[in-house]
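Enquirer: Please find one structure pasted underneath; my questions will follow.
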Amino acid sequence: MKAILSRWADRALPWLLAHGPRILVIVAGAWLLNKALNKFIEKAVRLAVRGDAHSSPEAERQREDTLIHIFAVTLRIVILTLAVLMLLQELGLMIGPMLAGAGIVGLAFGFGGQYLIRDVIAGLFIILENQYRIGDVVELGAVSGTVEDISLRRTVLRDLDGTVHYVPNGEIKTVSNQSRNFSRVNLDVSVAYGSDIEKVRAAVDRAGRELAEDPQWREFITRAPAFVRVHRLAESAVVVKILGETKPLKQWDVTGELRRRLLDAFAREGIVIPLPQVVVHGGKNKLSDE
């Protein structure tokens, strides 16, 4: 037994003296490199990411932490992979055939995982560019709703019916954010032909101004709704355009209240909101005349 241990020690000691320091340098170097680059990534992301006036500090911090986590995990995998390959080579293993086998396996997974990679890359840019956040109301192609969750792979929306939609990030071609920075009251109202347009203008502006000054609503309105123009001459009505600006996500509530106040204002001023009308012209029947 002593002879076996002695022979093992005689072989192991020279190997440890030759390769041990290199192994320690690889392990220590990988650990220090990971720590240093993590610090660099954190500082770079904190400096690079800029919020806007309507973003809460918590929302911006969450976005920064998400980006830092993504970059740090990716970097850790790269460093760990390189360190393991260097250690295997130091242990005397031939890494060439292993890399070739890993390439074949990676190719096989690549065909099946190409959509996953596409989703992850798209999700990274969505978060990096701050295209939308949790709580925003967005349209993603044919699907719209409130954003309930965002990950690198998919976005979760809930529509007005309460239906939850899971949208892969790689399938998103167009993003329409209805709650970014500010929202807008965009209302078309029909009045009867023959109405005094200046009277309509005054009624609309007064209703919008009173709404913006109401203590219950003024904190949601950044620009009072007002008459803009005669927008269209329809078949049975004159359509006027009303525009205003609100805090994000408040445009629907403000527009609903404005409609109610316009009904009251038009009723007081005698302004008629017409019903659709159809005029039928009847011709003489030649056979009956004969």
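Quick note: the coordinates plus some simple rules give every number you see, no bench work behind them. Remember, predicted model here, so these are calculated numbers, not experimental data. Cβ: placed from backbone, ideal geometry, glycine included. Neighbour counts: every protein chain shown.
Enquirer: Distance in nm between label sites at residue 159 and residue 89, each 7 Å beyond Cα in the beta-carbon direction?
Expert: Between residue 159 and residue 89, the label points sit 5.6 nm apart.
Enquirer: Something else: Highest mean first, how do 228-234, 122-128, 82-88 rank when packing is the count of other Cβ atoms within 10 Å averaged over residues? Don't skip to the answer; put the middle values down first.
Expert: On the way: 228-234: 12.7, 122-128: 17.9, 82-88: 15.3.
Ranking, from highest mean packing down: 122-128, 82-88, 228-234.
Enquirer: Using unit Cβ charges (K, R positive; D, E negative) and no other charged atoms, how large, in debye to the nearest 20, is the dipole of the range 167-209 about its Cα centre?
Expert: Working: 7 positive and 5 negative charges, 37 e Å.
Dipole of the range 167-209, to the nearest 20 debye: 180 debye.
Enquirer: Extending each Cα 7 Å along its Cβ direction at residue 263 and residue 128, get the distance between those two points in nm, one decimal.
Expert: 5.1 nm
Enquirer: Among rounded, prolate and oblate, which fits the range 159-272 when a ≥ b ≥ c are the square roots of the eigenvalues of its C-alpha gyration tensor, a/c under 1.5 means rounded, and a/b larger than b/c means prolate?
Expert: Working: a/c = 2.54, a/b = 1.71, b/c = 1.49.
Prolate, since a/c reaches 1.5 and a/b exceeds b/c.
Enquirer: Can you tell me which of 154-162, 179-187 comes out highest on packing, and rank the rest after it, using the mean Cβ neighbours within 10 Å? Present the calculation step by step, with values, prior to reporting the outcome.
Expert: On the way: 154-162: 14.8, 179-187: 17.7.
Order by mean packing, descending: 179-187, 154-162.
Enquirer: Let me ask something else about it. Multiplying the sequence separation of residue 118 and residue 44 by 0.36 nm and subtracting their Cα-Cα distance, what value in nm do you get? Please report the intermediate quantities before stating the final value.
Expert: Details: separation 74, 0.36 × 74 = 26.64 nm, distance 2.50 nm.
Extra length from residue 118 to residue 44 when fully extended: 24.1 nm.
Enquirer: Which net charge results for the neighbourhood of residue 153, defined as the other residues with beta-carbon distances under 13 angstrom from its beta-carbon, given Lys and Arg at +1 and Asp and Glu at -1? All intermediate terms of the calculation are to be shown ahead of the outcome.
Expert: On the way: positive: 118, 154; negative: 119, 149, 171.
Surrounding charge for residue 153 is -1.
Enquirer: Next up: Taking 0.36 nm per residue of separation and subtracting the Cα-Cα distance, what length does fully extending residue 247 through residue 148 add?
Expert: That pair, residue 247 and residue 148, stretches by 33.7 nm at full extension.
Enquirer: Decide, for the range 137-177, between rounded, prolate and oblate: order the square roots of the alpha carbon gyration tensor eigenvalues as a ≥ b ≥ c, take rounded if a/c falls under 1.5, and otherwise choose prolate if a/b is larger than b/c, else oblate. Intermediate values should be presented prior to the final figure.
Expert: Working: a/c = 1.81, a/b = 1.26, b/c = 1.43.
Judged from the Cα gyration tensor, the range 137-177 comes out oblate (a/c at least 1.5, b/c at or above a/b).
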